[in-house]
Amino acid sequence: MLRIIALVLLLLTATVWPAAAQYPERPLTILTGYPPGGMVDITVRPLAEGMKKKFPKGIGIVTRPGAGGSLAVAELVQAKPDGYTIILAPLSTLVIHPQLNDLPYKTPDDYESIINVVSFYSLLVVKADAPWKTVQDFVNAAKASPGKLRVGYPGEGTSSHLNYEEFQRLAGANFTNVPFSGWGESSPALLGGHIEGLMAQPGEVKPLVDGNKMRVLMVSQPKRHPAYPDAPTAKELGWGDSPSGAWFVFVAPKGTPGSVQKYIHDAVKASMEEPLFINTIKQRVIDIDYRAGDQIRADLWKEFKYHTEVLTRMGMIKKK
C-alpha cells in the first residue's frame with residue numbers, strides 16, 4: 001500500500017514540476033555595437049558560425065550601432081540574465097565610455113566578462129596618393145595649417161580615439177577631429193577624400209595597403225608591427241609610450257548563472273580553435289588573445305583604473 005502511495009506521489013510530482021529545460025533551448029542573440037564591415041563584425045561572424053555546434057536552435061547577430069558601442073552594451077546589461085543575450089564588446093566600450101557618459105553600467109562589476117578573443121593596437125593611415133610620405137610630414141602640414149587636416153577614428157572614447165588624442169597632444173599638432181560609428185564608415189570617408197587621416201585597426205587596412213590604396217604612417221603599439229615594418233611607433237617618435245590597446249570581450253548580463261557562462265565560454269573557446277576563425281584573424285593581422293574567468297575580470301579592472309588616469313589627464317573627466 002505504501003509503495004502504491006509513493007508511486008502515485010512520484011507521478012503527481014513529475015506532472016506538476018516538470019524537469020528543468022536544458023540550456024540552450026532557444027536561439028542565442030549576439031549583440032554588436034558597430035556597423036557591419038567593422039572589426040567587431042568581422043570577428044564575431046566566424047565565431048558565431050563555429051558556436052552553432054553548441055547552439056542547435058541557432059544564433060542571431062543583432063547590430064545596435066551608436067555612441068561608440070555603448071548603446072549595445074547598455075541594452076545588454078538590462079537584458080534578462082538567462083544566457084540568451086550576450087555581446088562582443090571592445091575594451092573601450094566597457095571601461096572608457098561608462099566613465100564619460102551616464103550609462104546603466106559603470107564598472108566591470110556591472111556585467112559578467114566571460115572570455116576575451118582578440119587584441120590589437122590602432123595605427124595612423126592616409127591615402128596612398130597623399131602628399132605626406134611620413135608621419136613627420138603629416139604633423140608639419142598640420143602645424144602649418146592648424147585645423148585644416150581632418151583625422152577620423154571609430155567613435156568618441158575608443159582606444160583609437162585616446163591614442164589619437166595623445167599623439168595630437170604630444171606631437172603639438174592641431175587636427176580637426178572626425179568621429180565615426182565604426183570602420184564601415186571611416187574607411188570610405190578616407191578613400192573618398194572626406195578626411196585626410198584615419199586611426200584604424202591593423203587588419204582593416206591590410207587589404208587596402210596591399211592594394212596600394214592606403215599608406216601606414218605610424219603604429220601606436222609598443223613595438224613595430226610585423227605587417228608594417230617601415231611604420232615607426234609613436235614611442236619611437238617620442239609621442240607616447242603607454243598605448244591603449246583594443247580587446248574584444250564576450251559579456252553577459254550581471255547574474256547570468258555560472259553554468260551558463262561556462263557553456264558560452266566553452267562554445268566560444270572551441271570556435272576560436274576552428275580554422276575559419278584562425279584564418280580570418282590571421283588575414284586581419286591581429287592577435288588571438290584568450291583570457292577568461294578571474295584573469296579577464298582583473299585585467300578589465302586594471303584597464304578601468306588606468307583609463308581613469310588617462311581621461312583625467314586629457315580633461316575628459318574631472319578630478320575627484
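The values are calculated or read from the model by the stated rules, or taken from the named source; none is laboratory data. All values reported here derive from a predicted model rather than from experimental measurement. Don't worry about glycine lacking a Cβ; one is built from the backbone with ideal geometry, like all the others, and counts go over all protein chains shown. Quick note on the areas: whole protein, heavy atoms, side chains included, nothing else; ligands and nucleic acids left out. Shrake-Rupley method; radii C 1.70, N 1.55, O 1.52, S 1.80 Å.
Quick notes on this one:
- Among the candidates Pro207, Pro257, Pro253, the residue that is at pLDDT below 95 and either out of contact with any strand residue (DSSP E or B) (no Cβ under 8 Å at 6 or more places or on another chain) or of a type outside the set (A, V, I, L, M) (or both) is uniquely Pro207.
- The criterion of being at pLDDT 95 or above, open to solvent by less than 10 Å² (accessible area, probe 1.4 Å) and of a type in the set (A, V, I, L, M, F, W, C) does not hold for Leu191.
- As a summary of the residue check, Trp183 satisfies the conditions (1) over 14 Å from the mean Cα position of the chain (by Cα); (2) open to solvent by 10 Å² or more (accessible area, probe 1.4 Å); (3) among the hydrophobic types (A, V, I, L, M, F, W, C) except for the one numbered (1).
- Here Thr233 fits the description: without any contact (Cβ under 8 Å) to a residue 40 or more places away in the chain and more than 24 Å from Pro56 (Cα to Cα).
- Being in contact with a Phe, Trp or Tyr (Cβ under 9 Å, 6 or more places away or on another chain), open to solvent by 10 Å² or more (accessible area, probe 1.4 Å) and not charged (D, E, K, R) holds for only one residue in Gly240, Gly203, Gly211, and it is Gly240.
Residue-wise test of (1) of a type outside the set (Val, Ile, Thr); (2) open to solvent by 60 Å² or more (accessible area, probe 1.4 Å).
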residue: Phe248; (1), (2): yes, no
residue: Lys254; (1), (2): yes, yes
residue: Asp287; (1), (2): yes, yes
residue: Gly293; (1), (2): yes, no
residue: Glu303; (1), (2): yes, no
residue: Ile317; (1), (2): no, no
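- Those helices (runs of 4 or more DSSP H) lying entirely in segment 1-120 with at least 1 residues modelled with pLDDT under 95 and closer than 26 Å to Lys206 by Cβ: 39-51, 91-95
- Test for Phe167: is it surrounded by 15 or more Cβ atoms within 10 Å (Cβ to Cβ) and touching a Phe, Trp or Tyr at 6+ places or on another chain (Cβ under 6 Å): yes
- Applying a threshold of 9 Å to beta carbon distances and a minimum spacing of six or more residues, or different chains, the list of pairs starting in segment 284-306 at a residue that is at positive phi and ending at one that is in a helix (DSSP H, G or I) and of a type in the set (Gly, Ala, Ser) reads Val285/Gly203.
- Among (1) over 20 Å from Met218 (Cβ atoms); (2) part of a helix (DSSP H, G or I); (3) open to solvent by 10 Å² or more (accessible area, probe 1.4 Å) - the single one Lys143 does not satisfy: (1)
- Residue under evaluation Lys148, criteria (1) without any contact (Cβ under 8 Å) to a residue 60 or more places away in the chain; (2) open to solvent by less than 10 Å² (accessible area, probe 1.4 Å); (3) assigned to a loop (DSSP other than H, G, I, E, B), criterion not met: (2)
- Among the conditions (1) within 26 Å of Asn279 (Cβ to Cβ); (2) open to solvent by 60 Å² or more (accessible area, probe 1.4 Å), Leu123 misses just one, which is (2).
- Residues that are touching a Ser or Thr at 6+ places or on another chain (Cβ under 8 Å), of a type in the set (Val, Ile, Thr) and at pLDDT 95 or above, drawn from segment 121-159: Val151
- Taking segment 213-250 as the range and being of a type in the set (Val, Ile, Thr), within 19 Å of the chain's Cα centre (by Cα) and closer than 25 Å to Pro188 by Cβ as the test, only Val219 passes.
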